[in-house]
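Peer 1: Have a look at this one before I ask anything.
The values are calculated or read from the model by the stated rules, or taken from the named source; none is laboratory data. This structure is a prediction, so every number in the text was calculated from the model and none was measured. Virtual Cβ from ideal backbone geometry, glycine too; neighbours counted across all protein chains shown. Accessible surface areas use protein heavy atoms only, side chains included; no ligands, DNA or RNA. Shrake-Rupley method; radii C 1.70, N 1.55, O 1.52, S 1.80 Å.
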Amino acid sequence: MLREAVMAIIDLEFFSSQVMKTVHTKVFLPHGEADLNVESPFRTVYFLPGFSNAASDLLTLSDVRLLAQQHGIAVVMLDGDNSFYVDQGPFVNYSSLASEELVTVTRKLFPLSSRREDTYIRGMSMGGFGAFYNGIKHTETFSKIALLAPGFDFYDVKTPGTDNPGFPEGFLNRIFGSKEQYLTSEKNFRVLLNNALENGVNLPEIFFAYGDADLIVGEADKQFSAYMEQKSIPVRHCPVTGGHDMIFLRNALPHFFAFLGERQA
């Protein structure tokens, strides 16, 4: 009988003190016998879904399970509740949940590596914003950040083919305070990045992929990619066929997992 690596799929629910409710995650763990030289504790990527998506969507609509299996990497997916993965005040602290509490809980429950060089964060769209924000805020935890069609300035996102806002300003204000507060706080990606550079932070490695037909954030992603180049920040750029959709995600995931699979020097 052929023996190969498989992934144990675990539905994990736990009470979060950061958001004061039970949160749902999916955990994929390498399991079985394989010639992959994969041993616990496992390298781990914390996977942040996009707006209106949940962990179950990524499981059923993408090849993340197969690719994680092939590379021998554990995956932890968090349902982010359209939170943008930032702290918003008492009992609504999704940044602290995603980058601190979730890491602590899953490391206690599962054989996951506690080493920075084995711990990564990734997200698409809103999740890409969350991955960048939390990856830069917590460089002591994450050594690699993977951005897949990330959204950054959601106040400027337009509905494709129109001048209509993609998000109602009142909704965004509940998360960021106001557009003016967003532009001057570290929730603004340029402010966050510039502060990190001024403070001499050891930045994680960054993987950046966006769709060649992405009408929602594609142009903004190209501009931010150029901005990081101006700042001399090493970035693995990966233009991918597709829009702001699962076609793009499926095309980007093999490149993303190959990036995660590379060992740091």
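Peer 1: Pairs, please: C-beta under 8 Å, at least 6 apart or cross-chain, first residue more than 20 Å from Asn188 (Cβ to Cβ) and in the stretch 148-165, second open to solvent by 60 Å² or more (accessible area, probe 1.4 Å) and modelled with pLDDT under 90?
Peer 2: Listed pairs, sorted by first residue: Asn164/Lys158.
Peer 1: Looking only at the stretch 88-112, which residues are within 16 Å of the chain's Cα centre (by Cα) and under 26 Å from Gly177 (Cβ atoms)?
Peer 2: Tyr94, Ser95, Ser96, Leu97, Ala98, Ser99, Glu100, Glu101, Leu102
Peer 1: Another question about this same structure. Out of curiosity, is Phe154 over 20 Å from Ala54 (Cα atoms) and of a type in the set (Phe, Trp, Tyr)?
Peer 2: Against the criterion (over 20 Å from Ala54 (Cα atoms) and of a type in the set (Phe, Trp, Tyr)), Phe154 does not qualify.
Peer 1: Continuing with the same structure: The conditions are (1) under 26 Å from Met20 (Cα atoms); (2) open to solvent by less than 10 Å² (accessible area, probe 1.4 Å); (3) not basic (Lys, Arg), and Ser113 fails exactly one of them. Which is it?
Peer 2: (1)
Peer 1: Is it the case that Glu101 is open to solvent by 50 Å² or more (accessible area, probe 1.4 Å) and at pLDDT 95 or above?
Peer 2: So Glu101 fails the test.
A quick yes/no check of all residues on (1) under 22 Å from Gly161 (Cα atoms); (2) within 18 Å of the chain's Cα centre (by Cα):
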position: Glu205; (1), (2): no, yes
position: Glu229; (1), (2): no, no
position: Phe248; (1), (2): yes, yes
position: Pro254; (1), (2): no, yes
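Peer 1: Another question about this same structure. Please work out which residue is surrounded by the most Cβ atoms within 10 Å (Cβ to Cβ), limiting yourself to the stretch 74-96 and to residues that are touching a helix residue (DSSP H, G or I) at 6+ places or on another chain (Cβ under 6 Å) and farther than 17 Å from Lys137 by Cβ.
Peer 2: The residue in question is Val75.
Peer 1: So, of the residues in the stretch 116-152 that are in contact with a helix residue (DSSP H, G or I) (Cβ under 7 Å, 6 or more places away or on another chain), among the aromatic types (Phe, Trp, Tyr) and modelled with pLDDT of 95 or more, which turns out to be farthest from His255 (Cα to Cα)?
Peer 2: If we take residues in the stretch 116-152 being in contact with a helix residue (DSSP H, G or I) (Cβ under 7 Å, 6 or more places away or on another chain), among the aromatic types (Phe, Trp, Tyr) and modelled with pLDDT of 95 or more, then Tyr133 is farthest from His255 (Cα to Cα).
Peer 1: Val45 passes all but one of (1) outside any strand (DSSP E or B); (2) touching a Ser or Thr at 6+ places or on another chain (Cβ under 9 Å); which number fails?
Peer 2: (1)
Peer 1: Mind checking which residues of the stretch 139-192 are among the polar types (S, T, N, Q) and over 26 Å from Val75 (Cβ atoms)?
Peer 2: Listed by number, the residues that qualify are Thr159, Thr162, Asn164, Asn173, Ser178, Gln181, Thr184, Ser185, Asn188.
Peer 1: In the stretch 116-134, what residues are open to solvent by less than 20 Å² (accessible area, probe 1.4 Å) and either assigned to a helix (DSSP H, G or I) or without any contact (Cβ under 8 Å) to a residue 24 or more places away in the chain (or both)?
Peer 2: Result: Asp118, Met126, Gly127, Gly128, Phe129, Gly130, Ala131, Phe132, Asn134.
Peer 1: Which of the residues belonging to the stretch 45-76 are hydroxyl-bearing (Ser, Thr, Tyr) and either within 17 Å of Pro111 (Cα to Cα) or at pLDDT below 80 (or both)?
Peer 2: Residues satisfying the conditions are Tyr46, Ser56, Thr60, Ser62.
Peer 1: So is Tyr85 on the phi > 0 side of the Ramachandran plot and modelled with pLDDT of 95 or more or not?
Peer 2: yes
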